[in-house]
Amino acid sequence: MNSRAQIRFLPDGRRLHLQDGPMDLIVEAFGAPTQVEIAYRAASKRFETVLNELCSELALLRQPCTPEAEWPRGAVARRMVAATMPYATEYFITPMAAVAGAVAEEILAAMTSSADLSRAYVNDGGDIAVHLSPGETFVVGMVERPDRPSLFGTTTLRFDDPVRGIATSGWRGRSFSLGIADAVTVLAVRASAADTAATIIANAVDLPGHPAIVRVPARELAPDSDLGARLVTQAVGELTATEVDRALSSGGQTAERLLRIGLIRTAALHLQGETRVVGAMPELRTDAIERNLVHA
Amino acid sequence: MGDDAIRCDACPVLCYIKPGRTGACDRYGNHEGKLVRLDPHVVLDRAMERGDSVVPFLERSHDWDGTLVSHRETFVTAIGAGTTYPDYKPAPFIISSQVEGVDMVTVVTEGIFSYCGVKVKIDTDRHLGAECSTVRSHDEAVGHVTTSEYGSQMLSLGGVRHLTGGNRQEGTATCNALLNLCNGKAVELIIDDGAKVVVQAGRAPIVDGVQEERMRVGCGSATIGMFAKQWFGKVDEVVVVDDHITGVLSEHQAGKLLGVPETGIKLKGRRSTPGRYFQVAEPGTSWGGTDIDDPLSILAKFNPKKAWPGLRLLMVSTTGEHHAYFELGKDLKPREKELPANLQESVARIQENCEPAFCTVLFMGGAGGSLRAGVTENPVKLTHSVRDALTRVTCGGAPVYVWPGGGITFMADVTRMPQNAFGYVPTPALVAPIEFTLKLADYAALGGYVENVRPLSSIASAGDGRRRVTARSDNPWPLESPAETKKK
């Protein structure tokens, strides 16, 4: 029995909060009460062993992803490698880039494989895996900067649309970024894919050599970072409109490439108040923010 | 590898953490070379940024009974302020649900309390242990016996010295005992040179394997004082049998004041003050906590110069559970007779006045500087606001008593909180819910993070957008500020 894991309801009595080490998940399932209960039990049971599984192969998962790399054994770890492998030949990426999305996916899979749910989501610190049954939708609110949660718009996910994963990355987030994007949000077919793509695109939103950008070797901040001696962004000074445009264009080009080869459905890139959307944002609304939104 | 980094062993990730940095979880950090659980305000930020409260129902999965809504009294609605803690990664996505805002701000956190403990009141007259005796759980010192109160023995458990001042085992045992007591679970405590007592909030104590049923109405002497008038004229002498202080009506101050004549009665045991006797028998489970079954066994012969044939004598225990009525024969020896109707009432009244014996557990903790800083940029203003009754402090939605003086040190009855409202961190320290509720305008006035309050207040102003939730009927509604209550 893993005695660290904390499993509890949020005060609304509907959403489940799962926390263990760095994993912090909010889970909500919709359906018949008995089915929701089965799903929550399944989520809790699966959750308890995830961190130990991941940590047993942590050294391997921190190695750069290459086509020749050894495959890990754990189900979550394999999701991580599957999500990062498409980038292995062209980018520096480690399976850790997909960890949050892969965990969200795994927990969602545990729920949907055991219970009949109309809708469900697993939100792992902003990387979200979504389940929709026919005819169902989720209204999703979007924020411009992860550290200042104010909505700039909403988008609607529908069953007919293949998007089942959402993720956000940026230098202000909890993980290190090689780029300067405040936030890059990606919609993709699954959460692990969205997680990886958001990391790749956020890294590409960049102005190499710009004096207003403070970069520090990752290992100076976290000795065991998978990014090693690579420079990670710690501060970004005020940029001119031209510079913002140039950085967003750089990230936008990467996003468009990923869109063309089918790795993402949509990306929204944010930098110092400017937003660029690549791909179709389903039913994007920025005029009237729904009054009944709540953080998931 | 940086030689100043430390390895965190709180979870299997085993992060190496540089000074001033946190591990992957943001929950543990390296503070001047020591692994520390982060200041509560970090947790607070997260709870607030999430936009609602996190009343922690820290249920382990194996404890979880699987019910979806086990806590009906969830007041939330919240709107949180936020700071820009650099490593913070909030949930940037928001999924709609049926929640409406209110024009009250509730800043909610899991406070992490090293300065905390419980005060336990145990309704029993049994001797549990001498004052200052060490109280142990699983062989470790977790607290001490403190000043007893009327009809109750008191324990003071926990506190920073046991939590963090001793060795690891002591801290862990203390944290476990506190956690279980606060979460309403039974805890076995053993007092040095004293009793073994099973304590559970809201339940009868079990002392050395025997469950207490009722609290006595008072000691024998007090019982005389309370009922002397009701006995006067109906009976010549009353002995209230009590293992601690046996009372005798005719000698007692209360009897003297009423003019009850001397009866020539003689008690065994040690006379303390007039009408009050110690050690009339050995402790036991019979009459008044003594070992006697025959009440006459505590009496010596009546003084023939004072006593008279026909003298009416009532003997009764402090709970009214045991009683007997006697009249003296010509030989001045008591003979048992049926209790006259006019005395039955007074015996019944003693019983009526005995309350059921309970254990009461009050959580006591202090909301420290950084926790307050998570609420406002000017922490002392929060303290002042609490003093001025503009801000209501609740603990898992339960009302609290805030101690006068500096800081926000409060006590709350754990039975009024949701089940399993408490958690712990391995520091060790207790994690308790604490909420500050106040008007948005007041929040602005005290330097709250108004710019970060989510804009649900503007929605609420369009109509009475209060979310309807079911509160515990015996708790005040937390969103009604104390100031409002005062005005009514």
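The values are calculated or read from the model by the stated rules, or taken from the named source; none is laboratory data. Predicted model only: the values in this text are computed from it and were never measured. Here Cβ is always computed from backbone atoms with ideal geometry, including for glycine, and neighbour counts include all displayed protein chains.
Tell me, please, whether a residue that is surrounded by fewer than 19 Cβ atoms within 10 Å (Cβ to Cβ) and touching an Asp or Glu at 6+ places or on another chain (Cβ under 6 Å) can be found in region B:166-185.
There is at least one residue in region B:166-185 that is surrounded by fewer than 19 Cβ atoms within 10 Å (Cβ to Cβ) and touching an Asp or Glu at 6+ places or on another chain (Cβ under 6 Å).
So which residues in region A:16-36 are without any contact (Cβ under 8 Å) to a residue 60 or more places away in the chain, more than 19 Å from residue B:13 (Cβ to Cβ) and surrounded by fewer than 22 Cβ atoms within 10 Å (Cβ to Cβ), if there are any at all?
Within region A:16-36, A:17, A:33, A:34 qualify.
Take the residues in region A:49-75 that are closer than 22 Å to residue A:89 by Cβ and surrounded by fewer than 16 Cβ atoms within 10 Å (Cβ to Cβ); name whichever of them is nearest to the other protein chains (Cβ to nearest Cβ). Spell out how you get there, then give the answer.
Taking region A:49-75 as the starting set, the residues that turn out to be closer than 22 Å to residue A:89 by Cβ are A:60-72.
Within this subset, residues satisfying the condition of being surrounded by fewer than 16 Cβ atoms within 10 Å (Cβ to Cβ) are A:62-64, A:66-68, A:70-71.
Details: A:62: 11, A:63: 16, A:64: 19, A:66: 23, A:67: 27, A:68: 26, A:70: 20, A:71: 21 Å.
My answer is A:62.
Listed here are the residues, each with its yes/no results for (1) within 15 Å of residue A:194 (Cα to Cα); (2) outside the structural domain of residue A:171 (by TED's automatic domain parsing); (3) at pLDDT below 80.
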| position | (1), (2), (3) |
| --- | --- |
| A:242 | no, no, no |
| A:247 | no, no, no |
| A:256 | yes, no, no |
| A:261 | yes, no, no |
| A:266 | yes, no, no |
| A:270 | no, no, no |
| A:275 | no, no, no |
| A:278 | yes, no, no |
| A:289 | no, yes, yes |
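Looking only at region A:111-130, decide whether some residue is small (Gly, Ala, Ser), free of Cβ contacts under 8 Å to residues at least 40 places away in the same chain and under 14 Å from residue A:29 (Cα atoms). Break it down stepwise before answering.
Going residue by residue through region A:111-130, those that are small (Gly, Ala, Ser) are A:113-115, A:118, A:120, A:125-126, A:129.
From what is left, the residues that are free of Cβ contacts under 8 Å to residues at least 40 places away in the same chain are none.
No, because not a single residue in region A:111-130 is small (Gly, Ala, Ser), free of Cβ contacts under 8 Å to residues at least 40 places away in the same chain and under 14 Å from residue A:29 (Cα atoms).
Among the residues of region B:262-281, are any in the same structural domain as residue B:310 (by TED's automatic domain parsing) and in a helix (DSSP H, G or I)? Walk me through how you get there before you give the answer.
Within region B:262-281, the subset in the same structural domain as residue B:310 (by TED's automatic domain parsing) is B:262-281.
So of that shortlist, the ones also in a helix (DSSP H, G or I) come out as none.
No, there is no match, as no residue in region B:262-281 is in the same structural domain as residue B:310 (by TED's automatic domain parsing) and in a helix (DSSP H, G or I).
So residue A:73 fits all but one of (1) of a type in the set (Lys, Arg); (2) within 25 Å of residue B:426 (Cα to Cα); (3) free of Cβ contacts under 8 Å to residues at least 24 places away in the same chain; what number is the exception?
The number of the failed condition is (2).
Can you tell me how many residues in region A:4-48 are more than 8 Å from every other protein chain (Cβ to nearest Cβ), assigned to a loop (DSSP other than H, G, I, E, B) and at pLDDT below 90?
1
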